[in-house]
């Protein structure tokens, strides 16, 4: 594994039953960088994202070939516990999905399961995570109120804070702004750029401007294949593959 | 005369209104009748003595109309049947909706539905012919028709109610909550205990209360297996006479509009209020603990 990379996929194929959703994906995700995965619907980018923390395990009849290397071992190896992987590789979903619990209990859900029990530690963790997610000032007086009472954008930042409370190495984001208004989207984008100092972020997005604005590396997927994987600047100014150019200029997709 | 579209709409609306009002009207008439036939008993006995009187001797001279033993009988079999049925019903719902493999899930679901469809007289028969002799021999009792027997059979009747309504509630928990939990490194069991069950809590509580309402109103089973003794029980192996059993057993014998007849109707009123309370509580709980849906905007 190369020095600056944190996750590598080697010749990964992925199947839903008989359907092959991903074909021969080999990618290196770099530490403390934002990598954007783009491509038309159904191209496999979300599938790849969910492969990286074994969320696809939850789908019956899903099957993986090849290896996904994280911390020098294949996370699909026989002795790997997916629960441990998910603690280190956090995830934020397309639709904000806070638990119907208080804001405080949303943040402490994961840490409590990992054995953080002391009240003071939990309180600190809540403040720290909410500050990192730039939500603290808005909710510090209503921590015991239901997370469901927050706006969509706040809920999504809460979900980010909840993921950060686990102190993950990598944060996977699956179209985190597609259900949000432009102002909330801008806030989340700002936040993501801030977070890359401490975390590695891999983000799936349908919004090409978003990929161009915030990511360092961009991978373009089409029909389950990785068509092009390059520096974002290069992809958006001078793509080497015609398909990529057609997609980002809006000729298809 | 040409019917205009507007008139047609109005006509359809009225027809539906009529059907809606019919069921309401029937219910109202039943309640009215129940009260008309039940209230006269209070010319012979005070409400207090009726509810809390310890002696139910409606055919003695002079008769005594205290239904406290019947109320206690009803409550006690309801309580113990719930004690058995609630854990079984809820746990089986959790297993079916969250743990069981797809093939087994279908089998279990249909078995439980089948259990719900069993006529109560069949269950009562089972209690009488199989369970009662077994209880009698095993515990060396004067009779196997007692609280334990009735509670077990009533539990058997309440389990399908509790299980199927709980299962619906668990099934309705948004997939997003589960995903969020797994993504935070929760195991399957942590997800069930900390996310899925709490999210479905109001539905589970509703199922429990409806299951209890089913047990308290059930007639045939308690008539057949509770033993029929109108006395406050001293042990779990004593016979009791729950209210529905008393009404069903005695109504045929009670002379029309006699004191006994009115007393049985008044017992019906008490039963009516009890099930009403169960339903109101179920309604309240299902609203009170309703978790708001997943992250909507």
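Quick note: the coordinates plus some simple rules give every number you see, no bench work behind them. Keep in mind that this is a model prediction, so the values were computed, not measured. Backbone-built Cβ (ideal geometry, glycine too); neighbour counts: all protein chains shown.
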Inter-chain shielding metric for B:170-176, i.e. average beta-carbon neighbours from other chains within 10 angstrom, reads 2
Separation of alpha-carbon centers, the stretch B:201-250 and the stretch A:1-50, rounded to whole Å: 61 Å
I'd like the orientation of helix A:103-113 relative to chain A: the angle between its Cα long axis and the longest Cα principal axis, in ° from 0 to 90, rounded to 10. 70 degrees
Once you have a ≥ b ≥ c as the square roots of the Cα gyration tensor eigenvalues for the protein assembly as shown, tell me rounded if a/c is under 1.5, and otherwise prolate or oblate according to whether a/b is larger than b/c. prolate
Take every DSSP beta bridge with both residues inside the protein assembly as shown and express the antiparallel ones as a percent of the total, to the nearest 5. 60 percent
By the C-alpha gyration tensor axes a ≥ b ≥ c (rounded if a/c is under 1.5, else prolate when a/b exceeds b/c, else oblate), the shape of the stretch B:82-199 is prolate
Using only Cα atoms, tell me the angle between helix B:201-217 and the longest principal axis of chain B; keep it within 0 to 90° and round to the nearest 10. 20 degrees
Ignore the peptide's own chain and count Cβ atoms of other chains within 10 Å of each Cβ in B:184-197; give me the average, rounded. 5
Please give the calculated 222 nm ellipticity per residue for chain A, where each DSSP H segment of at least 4 residues contributes -39500 (n - 2.57) and the sum is spread over every residue; nearest 500 deg cm²/dmol? -10000 deg cm²/dmol
For the stretch A:139-160 and the stretch B:23-69, what is the separation of their C-alpha centers, rounded to whole Å? 55 Å
If you average the alpha carbon positions of the stretch A:176-253 and of the stretch A:55-95, how far apart do those two centres end up, in angstrom? 23 Å
Top mean-square fluctuation among B:143, B:206, B:78, Gaussian network model of chain B, C-alpha springs under 10 Å? B:143
Computed over chain B: longest principal axis from alpha-carbon atoms vs helix B:259-288 long axis, angle to nearest 10 degrees, is 20 degrees
What helix-only [θ] at 222 nm does chain B give? Using -39500 (n - 2.57) per DSSP H run of at least 4, over all residues, to the nearest 500, the answer is -21500 deg cm²/dmol
Cβ-derived FRET efficiency at R0 41 Å, residue A:124 paired with residue A:13, nearest 0.05: 0.40
Based on the Cβ-Cβ distance of residue B:121 and residue B:61, what FRET efficiency does E = 1/(1 + (r/R0)^6) give at R0 = 25 Å, to the nearest 0.05? 0.10
Within 10 Å of each Cβ in A:144-156, the average number of Cβ atoms from other chains: 2
Which of these, B:29, B:280, B:11, has the largest mean-square fluctuation under a Gaussian network model of chain B (Cα springs below 10 Å)? B:11
Label chain B by shape, choosing from rounded, prolate and oblate, from the square roots a ≥ b ≥ c of the eigenvalues of the Cα gyration tensor; if a/c is under 1.5 it is rounded, and otherwise prolate applies when a/b is larger than b/c, oblate when it is not. oblate
Report for the stretch A:96-253 the percent antiparallel among DSSP-assigned beta bridges with both residues inside it, nearest 5. 60 percent
GNM on chain B, Cα springs under 10 Å; top mean-square fluctuation among B:227, B:73, B:117 goes to B:117
